[in-house]
Amino acid sequence: MAASLRLGCSRPVLRYLLGSSVGRRPEAVVTSLNHSVGFRGFHGTAWLWGEAVSAGDALCEIETDKAVVTLDSGEDGILAKIVVEEGSKGIRLGSLIGLMVEEGADWKQVEIPKDVGPPPCPAAPMSAPPVVEAAGVASSRQARSAGKPQIRLSPAARNILEKYEIDASQGTPTGPRGIFTKEDALKLVQLKTSGKFGESRPSPAPPTTSAVPLTPPAATGPSSYPRPMIPPVSTPGQPNAVGTFTEIPASTVRRVIAKRLTESKSTVPHAYATADCDLGAVLKIRKKLVKDDIKVSVNDFIIKAIAVTLKQMPNVNVSWDGQGPKQLPSIDISVAVATDRGLITPIIKDAAAKGIQEIAASVKALAKKARDGKLLPEEYQGGSFSVSNLGMFGIDEFRAVINPPQSCILAVGRSRSQLKLSEDGEGNTRLQEHQLMTVSMSSDSRVVDDELATKFLECFKRNLENPALLY
């Protein structure tokens, strides 16, 4: 009896199905990927057909939106078939990736089920009935294939030309960088409706290097080259020609980050507030802890101060679910970690109830898993408040983009020395050196208005400058 490994089911399902009656083909998965996880890739396996697999052995690695998740075996058996090849992309939930048989069974006789085959290649074009193209569009494509110069069309111009079945080569583009604009298309429509379409000016000849320039060239300096209407793509393995570009393949994480950042900046009304915090007391406590061989960072104190402030001001610990604000039951702080694959935000669960030392240990462990690509979905999905610290890179201050559905993110800059007038213990005003740090809070104005954000920063600053309030 063979078990098929699929993406989407849980381990209990696999154990149940492997114990089912003979004659029933069990289907299950050995991973707990959330159905909200996006695009996936198969990173391959170190196992070969016919090898014995024990429960808990790592079968393969599955690339999700933000991490590479290890797929473990839920039962003992023999790996009979590997359906998905290493490096495959676009694997969906429920796709068949392999087959296992019980120990002692003939794994060579196992066949791939007829109802489910290997996942289709996402790049393969789907078969569709032939579509009759408009005469103008077909003639335009034939003209391009025949060697005529390609014309860059604006979206509005393209729609007008396709609607009236007009070839763009009958007109002259007047837009910037040779773009055929909406006005150019409307001129051709007017010529066609007035019956003067045949008298339109001929299409411009393609630019050549031997063409005589309209204006005299400069006496000195390198000679210019004709700029192509559409920059050609460079050929792999060959030197880049003048005016070409090279396409850079985007990883799964980069595409997801680009999509979510664009959605955040275009749909979330960002508001910003900035404050300077004095780190004198925090640095003194940190030095004492270092003497006791307790290593904590300033960022650990910041995470604790955020969590305590959210506990004192629960109306900031909210999110926007698309319909309205939602109060969150726990205080989970997302910490931005830079990796080779992109930015990821592992979560410190229930940060308000943890001490500084416990937070430091959690941050180190999660950051290592993030850089190794071993974070589980539940370790980076969710969270109620984010913090991004670029102080170690020498950044004084910056403003971060909110991570929806969260409502706030705190951007932390570096600590810097600054002279300020302050009163000493005797009440005398003196010029003293202070270690200041600038923090900028980005908030969703739909749930955290400017007044509430200002009060939060005031409370956060008070808690951070007085570490005794953090316990």
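The values are calculated or read from the model by the stated rules, or taken from the named source; none is laboratory data. Remember, it's a predicted structure, so these values are computed and weren't measured experimentally. Ideal geometry is used to build each Cβ from the backbone, glycine not excepted, and the neighbour counts take in all protein chains shown. For the accessible areas, the whole protein counts, side chains as well, though only heavy atoms, and no ligand, DNA or RNA atoms are used. Shrake-Rupley method; radii C 1.70, N 1.55, O 1.52, S 1.80 Å.
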Completion exercise
Nearest-0.05 FRET efficiency for Glu86 and Lys108 at R0 = 22 Å, using Cβ-Cβ distance, is 0.50
Exercise for the section: Any chance you could check the Cα centroid distance between segment 432-471 and segment 342-381 for me, in angstrom? Expected result: 22
Fill in the blank from the handout: In this structure, the FRET efficiency calculated for Lys420 and Phe245 from their beta-carbon separation, with R0 = 45 Å, to the nearest 0.05, is 0.35
Practice task
Write down the radius of gyration of segment 233-386 and its Dmax, each obtained from C-alpha positions, in Å.
Solution key: 20.2, 62
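Would you please put 176-185, 273-282 in order of how densely packed they are, using the mean number of other Cβ atoms within 10 angstrom per residue and starting with the highest? Provide the component values of the computation, followed by the final result.
On the way: 176-185: 16.2, 273-282: 17.7.
The most tightly packed comes first, giving 273-282, 176-185.
Below 14 angstrom from the Cβ of Ala360, what's the summed charge of the other residues (Lys, Arg +1; Asp, Glu -1)?
Numbers: positive: Arg286, Lys295, Lys304, Lys354, Lys364, Lys368; negative: Asp292, Asp293, Asp300, Glu358.
Net charge around Ala360: +2.
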Practice task
Could you tally the net charge around Leu452, taking each other residue with its Cβ under 12 Å from the Cβ of Leu452, Lys/Arg +1 and Asp/Glu -1?
Solution key: -3
Fill in the blank from the handout: Taking the reciprocal of mean 1/r across every pair of different Cα atoms in segment 269-469, the Kirkwood radius in Å is 17.5
Exercise for the section: Could you tell me what percent of the accessible area of segment 307-438 is made up of carbon and sulfur, with a 1.4 Å probe and every protein chain present? Expected result: 51
Problem - Average accessible area per residue (Å²) across segment 269-469 - probe 1.4 Å, nucleic acids and ligands excluded - result: 49
